[in-house]
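Q: One structure, as structure tokens, below. Some questions next.
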Amino acid sequence: MSIKHRSLLLVVLSLSCSRSPGAASGDTAAARGSSADTVTVGKTKLQAFQSKTGSVVVLGFSSVATIPGMYGAQTEIEAREVTDASTDARQSGLGVEVKESGTLERKATSYVDYDELDALLRGIDYITRIDRNPTRLANFQADFTTRGNLEVSTFSTEDGKTLVALKAGTIGGASAYYPLSALPQIRTAVTNAKALLDSIRPAAGAK
């Protein structure tokens, strides 16, 4: 296993084990209120558009999928469209929120522009095919990263398995881990989100 993912897994396991198994829903809500939430610094067109000043900006969003991961983590994928009400200019893409389990319930969000979605799907297709070490060294890790710092990775473990990591955010971000068999479900969620955005995008020439 790579040093990066070994360290992250140790942190996730530590946080998961430290949670009281009998915590009530009220305790969970209190923890959520004090959780460490992060959002990626605005590198994407979607974020830049959403933070415009001097005009009314309308955000539309639909939850497409919530994918439970290992150790109590989960990833939620949203389709998003942002409209400048004064010009009717629009940007669309995905919001991907990764939430870790544990006493802090740390979560982070990364945004993916519409024009990155085909590349993201190709990246997922490629790393789905890596079910064993493609290198001549002991361990491997394969990453696909979007401009908004959503990272999809596969990596080897010390017991010979291949796992998937979804990481959102940068410093202080959050990671969710999955078996390799979960990648088709992740891909389907991205595909469905893109299809939803395609169905509402204006005709040719829209951005």
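The values are calculated or read from the model by the stated rules, or taken from the named source; none is laboratory data. Since the model is a prediction, treat every value here as computed from it, not as a measurement. Every residue, glycine among them, receives a Cβ derived from its backbone with ideal geometry; neighbour counts consider all protein chains shown.
Q: In the set L163, L121, which member is surrounded by 16 or more Cβ atoms within 10 Å (Cβ to Cβ) and among the hydrophobic types (A, V, I, L, M, F, W, C)?
A: Only one candidate passes the filter, namely L163.
Q: Which residue is farthest from S55 (Cα to Cα), if the candidates are limited to the stretch 79-118 and must be among the hydrophobic types (A, V, I, L, M, F, W, C) and buried (at least 21 other Cβ atoms within 10 Å of the Cβ)?
A: The residue in question is V98.
Q: Sort out which residues of the stretch 171-183 are under 16 Å from P68 (Cβ atoms) and either under 15 Å from the mean Cα position of the chain (by Cα) or buried (at least 21 other Cβ atoms within 10 Å of the Cβ) (or both), and write them in order of number.
A: A174, S175, A176, Y177, Y178, A182, L183
Q: Of all the residues that make up the stretch 185-206, how many are outside any loop (DSSP other than H, G, I, E, B) and at pLDDT below 95?
A: Residues flagged as outside any loop (DSSP other than H, G, I, E, B) and at pLDDT below 95 within the stretch 185-206 amount to 1.
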